[in-house]
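Just below is one structure, and these are the notes that go with it.
The values are calculated or read from the model by the stated rules, or taken from the named source; none is laboratory data. Keep in mind that this is a model prediction, so the values were computed, not measured. Because the Cβ atoms are built from the backbone with ideal geometry, glycine has one as well, and the counts that use them run over all protein chains shown. Surface accessibility is based on the protein's heavy atoms, side chains included, excluding ligands, DNA and RNA. Shrake-Rupley method; radii C 1.70, N 1.55, O 1.52, S 1.80 Å.
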Amino acid sequence: MKVTTLATSVLVATTTLFSFLSTTSAHMAMSNPPGQAGPWSDDPHSDVHAWIGYDKKTFPCGGYKKGPVSTYKAGEVIPVRFWNFEVKDYKKFPPPKGLSQSRHGGGACEFSLSYDAGKTWHVIGQYTNSCPDIYYEWPVLIPKNVPSCLDSNKCLFSFSWTAYSTEQFYHHCANVVIHGDDKKGILPELEMTVVDVKQKGEKMDTHALGDGKSQTSSGPDRREKQLNLGGYFACGGPAGKHGLDLGLVRS
C-alpha cells in the first residue's frame with residue numbers, strides 16, 4: 001500500500017504548481033539567503049520570481065508570509081545567490097550550464113536591511129551593471145557597526161532590481177536575525193531606490209543601463225565587489241546618502 005506523507009503531498013503540490021510556468025516566464029528570485037515564498041519555504045508561490053505589481057504582488061517583499069530564518073553576525077559576508085524555475089536543485093551551486101535566465105539585460109541591484117518589517121530600508125550593497133545572474137555569487141557585507149536585530153518577524157534582508165530591458169521593479173526578501181553592536185550600532189544612511197511601483201505612485205518609465213546580455217553575464221564588477229566587501233556602505237562610509245550611480249534612465 002502506498003503511503004503519502006504530508007511532506008510528500010506538499011512536495012507534489014509544489015512541483016505541480018511550478019510546472020505550469022513556462023521557461024520564458026523565469027525571471028529572478030533570491031535563493032541565498034532563502035527568500036520568502038520560494039520552493040524551500042512552507043508557503044511556495046509560483047510568482048515569487050515576478051516583479052512588484054504582477055498579479056497583485058505588493059511592495060515590500062511581494063506581500064508574502066514569513067520564510068526561513070537565516071542568522072548572521074555584523075561584519076559577516078552574505079554570498080547572495082539567485083534562482084529561477086530553470087534551476088531544479090537550488091542547493092547545488094553553480095547550476096548546470098545553459099539554463100535560461102531572462103535576466104533582462106542585467107541592471108542595478110541593491111541589497112538592503114529593514115529592522116521594522118519593511119517600513120524603512122537601509123542599503124548595504126549595490127551592483128550596477130551585470131546583476132543579477134544565477135551563475136555567480138554576489139557578496140554583500142553586513143556592516144560591522146550595525147545594531148542587533150533579533151525579531152525575525154521584523155528583520156529583513158532584501159534584493160531589489162531595476163532591469164535594462166524592462167520597466168519592472170523586483171523586490172524579494174528573506175527573514176533574518178542579526179547579532180550586531182548592541183551599544184553603538186547604527187544603520188547606514190543610504191535608502192533603497194524604488195522605481196516603477198504604481199502602488200507607491202512611481203511612474204512606469206524607468207530602466208537601468210545594464211549590460212544588455214539576456215543570458216550569462218561577466219559576474220560582479222571587480223571594483224564594485226571590492227566596495228561591497230570593504231565597508232563602503234557602512235554608516236560613516238563613503239556611500240553616505242548617495243551610494244553608487246545605478247545607471248537609471250527614464251524612458
Q. Relative contact order of the chain: what whole-number percent is it, with Cα pairs under 8 angstrom and at least 6 residues apart?
A. 22
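Quickly estimate the mean residue ellipticity at 222 nm for the chain, helices only: each DSSP H run with n ≥ 4 gives -39500 (n - 2.57), and the total goes over all residues, rounded to 500.
Numbers: 2 runs with 22 residues, N = 251.
Taken over the chain, the calculation gives -2500 deg cm²/dmol.
Report the trypsin sites (Lys or Arg not before Pro) located in segment 145-226 that are in a DSSP loop and have at most 10 other Cβ atoms inside 10 Å of their Cβ, or state none.
Listed in order of number, the matching sites are LYS183, LYS184.
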Q | Segment ARG250-LYS119, length gained on full extension (0.36 nm per residue, minus Cα span) | A | 44.6 nm
Q) Taking the Cα centre of the chain as the origin, how large is its charge dipole in debye, to the nearest 20, when only Lys and Arg (+1) and Asp and Glu (-1) carry charge on their Cβ atoms? A) 320
Q: Consider the candidate values [x] 16.3; [y] 17.8; [z] 13.9; state which one is mean projected area of the Cα convex hull in nm² computed from the structure displayed.
A: [z]
Q: Evaluate the charge dipole of segment 144-244 about its Cα centre and quote only its size in Debye, nearest 20, assuming +1 on the Cβ of each Lys and Arg and -1 on the Cβ of each Asp and Glu.
A: 220
Q | Residues in segment 68-94 that a label on ASP43 would reach, taking backbone N under 19 Å of a point 7 Å out along Cα→Cβ | A | 68-71
Q: Between the alpha-carbon centers of segment 175-251 and segment 70-149, tell me the distance in whole angstrom.
A: 11
Q) Taking a probe of 1.4 Å, how large is the accessible area per residue of the chain, in Å²? A) 48
**Q.** Given LYS65/LYS119; LYS57/LYS213; LYS144/LYS183, the pairs whose alpha carbons are separated by over 22 Å
**A.** LYS57/LYS213
